[in-house]
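> The structure under discussion is supplied below as C-alpha cells; questions concerning it will follow.
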Amino acid sequence: MKSVVAIQHVAFENLGSFEAVLHDKEYAVHYLPAWSPGLAAQVQTLAPDLLVVLGGPIGVYEDDLYPFLREEMALLTQRLAAGQATLGICLGAQLMAAALGGKVYSSGVKEIGWAPLELSGAGRDSPLRYLSGELADVLHWHGDTFTLPQGAVHLASTPVCQNQAFAYGPRALGLQFHPEAQAEKIEHWLVGHACEIAGAGIDVAALRRDAQRHGAALQEQARHFFSAWLAQAVPA
C-alpha cells in the first residue's frame, strides 16, 4: 500500500478534498503535527510515497519564535534534493520555496477570498489546467509571498500575487492557494482565522457566501487536478 504523510500546523487545515482521492487510490494517510519531536526521523520511518506540507498562520521567517520550522526546512531540503514526491500548500509552498533558495517575505497585502488563477503556458500544460480560472475560483488565504527559486517553473499567478504555483521537477509542486478547501468546512476557517480576518477588514458573510457559490466547482476540479498530479508524482 502506498502512503502519504501530511504535516499540519493547525488542525482545520488538512488534506480536505484531496483525502478522498487518496483513499480511492488506497493510500494510507498519516498526519503529523509540525512540532512533533523528531519530525524528520518520523517521516523517514514512515517512508511515505508522498509528503504534503500544509498551511498555517505563521511565517517561514519566524523560526526564532517557532523553531520547528527549521526541521521542516531541513526535511524539505533533503526530500527535494532526492527528487521525492512533495506537495506544499500555502505555508508549505513557502517552506519549499525557502528550502530551494527563494526568499519568503510579507507582501503587505492580505489575499483572502475566492478568485481565479491565471495560468502560465507551463501551467496550462500541467495538471493545474483543471484549476484554470475558466473552470473554478480557488480559495486564497495568505499575506506572505516568495521569490521563484532557481530551477523552479512558474505555473500560476493572480493580480495580487505573482507566484501562486511552481513546479520543481515532475514530482514537487508548491501552491500558494488552497485547492483542497471544502465549502462545508468554511466555518472552521472563519473561526480559526477570526483575528486575521478582522485585522484585514474582510467581510465574513461575503466569505461564507462565496464559499457556497464556488465550493462545489472547486471541489470537483481539485479532484481532477490532484488525481492527475498524483499519477505524475507517484507513478504506479
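> For the stretch 20-35, give me the residue count where each residue is touching a residue at least 24 places away in the same chain (Cβ under 8 Å) and open to solvent by 10 Å² or more (accessible area, probe 1.4 Å).
Total meeting the criteria: 11.
> Of the residues in the stretch 186-217, how many are part of a helix (DSSP H, G or I), over 21 Å from the mean Cα position of the chain (by Cα) and more than 17 Å from residue 137 (Cβ to Cβ)?
Counting residues in the stretch 186-217 that are part of a helix (DSSP H, G or I), over 21 Å from the mean Cα position of the chain (by Cα) and more than 17 Å from residue 137 (Cβ to Cβ) gives 6.
> I've got another one for you. Of the numbered conditions (1) crowded, with 16+ Cβ neighbours inside 10 Å; (2) more than 23 Å from residue 14 (Cβ to Cβ); (3) not charged (D, E, K, R), residue 198 fails exactly one; give the number of that condition.
Answer for residue 198: the failing condition is (1).
> Could you grab me the full set of residues in the stretch 176-195 that are free of Cβ contacts under 8 Å to residues at least 24 places away in the same chain and open to solvent by 50 Å² or more (accessible area, probe 1.4 Å)?
Passing the criteria: 187, 191, 195.
> If a residue has to be over 23 Å from residue 199 (Cβ atoms), buried (at least 16 other Cβ atoms within 10 Å of the Cβ) and among the small types (Gly, Ala, Ser) to count, how many in the stretch 93-125 make the cut?
Final tally of qualifying residues: 6.
> Go through the stretch 131-157 and report how many residues are within 16 Å of the chain's Cα centre (by Cα) and over 22 Å from residue 100 (Cα atoms).
Count: 6.
> Additional query: Kindly indicate whether residue 86 is touching a residue at least 40 places away in the same chain (Cβ under 8 Å) and not aliphatic (A, V, I, L, M).
Here the answer is yes, as residue 86 does meet what is asked.
> Okay, moving on. Report, by residue number, each residue of the stretch 127-157 that is assigned to a loop (DSSP other than H, G, I, E, B) and open to solvent by 10 Å² or more (accessible area, probe 1.4 Å).
Residues satisfying the conditions are 132, 133, 134, 135, 137, 147, 148, 150, 151, 152.
> When the stretch 158-173 is examined, which residues are found to be in contact with a strand residue (DSSP E or B) (Cβ under 8 Å, 6 or more places away or on another chain), among the small types (Gly, Ala, Ser) and in a loop (DSSP other than H, G, I, E, B)?
Within the stretch 158-173, no residue meets the criteria.
> Of the numbered conditions (1) without any contact (Cβ under 8 Å) to a residue 40 or more places away in the chain; (2) open to solvent by less than 30 Å² (accessible area, probe 1.4 Å); (3) within 16 Å of the chain's Cα centre (by Cα), residue 72 fails exactly one; give the number of that condition.
(1) is the only condition that residue 72 fails.
The values are calculated or read from the model by the stated rules, or taken from the named source; none is laboratory data. What you see is a predicted model, and the numbers here were worked out from it, not measured in a lab. With ideal geometry, Cβ positions are generated from the backbone for all residues, glycine too; neighbour counts draw on all protein chains shown. Accessible surface areas use protein heavy atoms only, side chains included; no ligands, DNA or RNA. Shrake-Rupley method; radii C 1.70, N 1.55, O 1.52, S 1.80 Å.
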